[in-house]
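Asker: Below is a structure I'd like to ask you about.
Just so it is clear, none of the values below were taken in a lab; they were calculated from the coordinates. Computed from a prediction, not measured in an experiment: that's the story for all the values here. Neighbour counts run over all protein chains shown; Cβ positions are idealised from the backbone, glycine included.
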Amino acid sequence: MKHTVNINKNYMNNKSEKPQLIKYCEWKNCNSKGIYRAPKNRENLREFRWFCLEHIREYNKKWNYFSGLSQEEIEKELKADFTWHLPTWPMSGKNTYDLDDELEILKNNKIYEKKNKDNKNKGIKNNNINAAFEKLNLTLDSSLQDIKRQYKVLVKKYHPDANKNDIKSNNKLIEINEAYKIIIDNY
């Protein structure tokens, strides 16, 4: 970059005036004053190149902040830009913490009561799901395909047409259908 110092003739007589640095356009073979700045690249947005009006326009036409980034990286950058690239967290006052209040210090706290009620319901719900998997002779990590395959096998085995209207097989088929519904609803 070319620089010159602009010295006023009155500078020597007036001590309050300071010399000014004049920047020239960084475009090749341009001797105009570089009074417009442009970032050098995406990683160094605080480092600038200086151009005249004509060349800053040309530089800006070619400038692409996202050049070299994949679509996924561009979307990630845009998402982060909404929050000025700062970490975020929910602002609601409904933060619930996983506390085990053995001494019941928080028993009058409505949020704590609601959380514990939800946990009790989850326990009941989980017990139903576990029982349903047991009824279908499956493990909890069974895939949807395995669940459907096992259901089909058991329905064929306990179907009334295959068991000559046996009451026990009818009841077993009802249990299998209920278990299958519980698993599919919670899968």
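Asker: What pairs from Lys23/Lys62; Lys33/Lys79; Lys40/Lys79; Lys148/Lys168; Lys33/Lys76; Lys18/Lys62 go past 30 Å between their alpha carbons?
Answerer: Working: Lys23/Lys62 22 Å; Lys33/Lys79 38 Å; Lys40/Lys79 23 Å; Lys148/Lys168 23 Å; Lys33/Lys76 38 Å; Lys18/Lys62 37 Å.
Flagged as over cut-off: Lys33/Lys79; Lys33/Lys76; Lys18/Lys62.
Asker: Quick check: net charge around Gln150, other residues with Cβ under 13 Å of its Cβ, Lys/Arg +1 and Asp/Glu -1? Walk me through the numbers before you get to the answer.
Answerer: Working: positive: Lys135, Lys148, Arg149, Lys152, Lys156, Lys157; negative: Glu134, Asp146.
Net charge around Gln150: +4.
Asker: Between Asn163 and Lys40, what is the label-point separation in nm under the 7 Å Cα-to-beta-carbon projection?
Answerer: Going from the Lys40 label point to the Asn163 one covers 8.0 nm.
Asker: To the nearest 0.05, how large is the calculated FRET efficiency for Tyr59 and Asp81 if R₀ is 22 Å and r is the Cβ-Cβ distance?
Answerer: On the way: r = 22 Å, r/R0 = 1.02.
That pair, Tyr59 with Asp81, gives E of 0.50.
Asker: Quick one: Ile183, Ile35, fewest Cβ neighbours within 10 Å first, how do they rank? All intermediate terms of the calculation are to be shown ahead of the outcome.
Answerer: On the way: Ile183 23, Ile35 14.
Ordered from fewest to most neighbouring Cβ atoms within 10 Å, Ile183, Ile35 come out as Ile35, Ile183.
Asker: Give me the net charge for the shell around Asn163: Cβ to Cβ below 10 angstrom, other residues only, Lys and Arg +1, Asp and Glu -1.
Answerer: On the way: positive: Lys157, Lys164, Lys168, Lys172; negative: Asp161, Asp166.
Residues close to Asn163 contribute a combined charge of +2.
Asker: Residue by residue through the stretch 162-179, which ³J(HN,Hα) values in whole Hz follow from phi under the Karplus form 6.51 cos²θ - 1.76 cosθ + 1.60 (θ = phi - 60°), with glycine and proline marked x?
Answerer: Values, residue by residue: 8, 10, 6, 6, 6, 4, 5, 5, 4, 5, 5, 5, 4, 4, 5, 5, 5, 5 Hz.
Asker: Whose amide H sits under 5 Å from the amide H of Gly34, counting only residues 5 or more places off or on another chain, with H placed in the peptide plane?
Answerer: For Gly34, whose amide H was placed from the backbone, the distant partners under 5 Å are Lys23, Tyr24, Cys25.
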